[in-house]
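Engineer: Let me give you the structure first, and then I'll get to my questions.
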Amino acid sequence: MSFVTIESIVASHPFFAGLSEESLRVITARSRQVELPADEIIFHEGEAADHFYLIRSGRVALEVHSPRRGRQTIQTIEGGEILGWSWLVPPYQWRFDARVIDPVEAIELDGRRLRELGEIDHDLGYELYRRFAILIGRRLESTRIQLMDLYGSSN
Amino acid sequence: MAAVIDKPVDPMMPVPYVVKRVRRETHDTFTLEMVPFDGGPPLRFRPGQFNMLYLFGVGEVAISISGDPGDGARLVHTIRAVGMVTKGLERLRAGAVVGVRGPYGRPWPVDEQLGRDLVIVAGGIGLAPLRPAILHLLADRAAYGRIVLLYGTRSPADILYRRQLERWRARFDLDILVTVDRAAVDWRGSVGLVTTLLGRAPFVPEKTTALICGPEIMMRYTMAGLVERGVSEAAIHLSMERNMKCAIGLCGHCQFGPTFICKDGPVYSSPEIAGLLKQREV
Ligand code: FES
């Protein structure tokens, strides 16, 4: 079995492609591999958003509670995808609950520290904001199309 | 006019079929299984083609054939009950008679795909016109590379052919990813737009042919997502929907830009109509 470091996993992920070795070292400092069982809550809406996750396998549901409909899943994040961007945008609080549906293997990264470092090292800050702006833009686009209710009425 | 008189069969004349079974699929869709009234074999069709179904005394409607092209016994259509004719068809029971004209239209180019990966992307009831293509591919499974079905629909209750999808999922030679736009937390599958499945699906873009059917907006974003992943535009095919009347290229009812969907389509390659799809009114 080959020994795989967090740095090599992050470096080979398309989201982090093109970053310098130094940036990758900074990004993966204080990161750790985590294994999360089904139904574990990764974060709750309103809590301080200090981390983000590179999901390696499994499935996480982003859930929101509405008084009329109860708990609803609005999106799932799955293997190969990034979970969490609220650590980068004020007020740095989670907007949704994140619950594990299928057991997850992930790398947890220290968002709060990167946010602070990005204030000092603007090159690093730019790279992070650019990547997350693309991710947030895509998710917004998907959400808008989902809201159009393309497939017709259901009741 | 002489040419029309010479034709052995009047293309506007429906052939009577008898309803054998009406199966409910979701709250607003159902599947009609029919056999010819005269006891002969049902019409032969190619995946992606459609028929005009005539509900006597009410009217006619274009419906894609959703059954197995290799099934020599029954003619199968899955229908969404939205208008007068389709709601009337929904009320039919075994023994009722329906007029059938067809099959019409350009089919999916399935026979040209030997050795290639196939990515089939369906949205909502768009799975119905793709089902014959999937069954056709599976009938000669070894002739193709990977086959991936990506299916997006509104909610878990709106999933079409649920039992068949579960059976297909158990196969090792077919990858099926399903996502819904919204779900209560008891749904343990994916939630999100069907295009998000493109990033999760296993296929080799350079040797992939894509077949897409669903709402036009969904098809537009899917095309863009496939091209971004490296699939050639010429290898992307989609099926268009319009109201049909004559279905034989005479009335112009189905006009889409310079083309008539009933005879030039309903299946087009992306380069043929990508420009038209981006225009607001065609
Ligand atoms: S429906 Fe008449 S021309 Fe196409």
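The values are calculated or read from the model by the stated rules, or taken from the named source; none is laboratory data. Note that the coordinates shown come from a computational prediction; the quantities given were computed from them, not determined experimentally. No Cβ is skipped: glycine too gets one built from the backbone with ideal geometry, and neighbour counts run over all protein chains shown. With ligands, DNA and RNA removed, areas are computed over all heavy atoms of the protein, side chains included. Shrake-Rupley method; radii C 1.70, N 1.55, O 1.52, S 1.80 Å.
Engineer: Give the residues of segment B:163-186 that are open to solvent by 10 Å² or more (accessible area, probe 1.4 Å), more than 21 Å from B:ARG141 (Cβ to Cβ) and modelled with pLDDT of 95 or more, sorted by residue number.
Structural biologist: none
Engineer: Write out, first by first residue and then by second, each pair whose Cβ atoms fall under 8 Å of each other, whose residues are 6+ apart or on separate chains, and whose first residue, in segment B:239-263, is closer than 16 Å to B:GLY275 by Cα and open to solvent by less than 20 Å² (accessible area, probe 1.4 Å) while the second is at pLDDT 90 or above and within 6 Å of the ligand (Cβ to nearest atom).
Structural biologist: Qualifying pairs under 8 Å: B:ILE261/B:CYS254.
Engineer: Name the residues in segment B:138-158 that are within 14 Å of chain A (Cβ to nearest Cβ) and either farther than 19 Å from B:HIS27 by Cβ or surrounded by fewer than 20 Cβ atoms within 10 Å (Cβ to Cβ) (or both), would you?
Structural biologist: B:LEU150, B:SER155, B:PRO156, B:ALA157
Engineer: Which is outside any loop (DSSP other than H, G, I, E, B), touching a residue at least 24 places away in the same chain (Cβ under 8 Å) and of a type in the set (Val, Ile, Thr), of B:VAL231, B:VAL178?
Structural biologist: Of B:VAL231, B:VAL178, the one residue that is outside any loop (DSSP other than H, G, I, E, B), touching a residue at least 24 places away in the same chain (Cβ under 8 Å) and of a type in the set (Val, Ile, Thr) is B:VAL178.
Engineer: Another one. Which one is nearest to the chain's Cα centre (by Cα), of the residues in segment B:232-252 that are more than 12 Å from the ligand (Cβ to nearest atom) and aliphatic (A, V, I, L, M)?
Structural biologist: The extreme case among them is B:LEU238.
Engineer: Would you mind listing the strands (runs of 3 or more DSSP E) fully within segment B:41-140 where at least 1 residues are not assigned by TED's automatic domain parsing to the domain that holds B:VAL178?
Structural biologist: On the way: elements: B:50-55, B:59-64, B:75-80, B:97-104, B:117-123.
Counting at least 1 such residues, we get B:50-55, B:59-64, B:75-80, B:97-104.
Engineer: Okay, moving on. Quick one: in segment A:65-81, which of the residues that are more than 7 Å from every other protein chain (Cβ to nearest Cβ) and part of a strand (DSSP E or B) is least open to solvent (accessible area, probe 1.4 Å)?
Structural biologist: Among those residues, the one meeting the criterion is A:ILE77.
Engineer: Restricting attention to segment B:193-238, which residues are out of contact with any helix residue (DSSP H, G or I) (no Cβ under 6 Å at 6 or more places or on another chain), crowded, with 16+ Cβ neighbours inside 10 Å, within 14 Å of another protein chain (Cβ to nearest Cβ) and among the small types (Gly, Ala, Ser)?
Structural biologist: Within segment B:193-238, just B:ALA201 meets the criteria.
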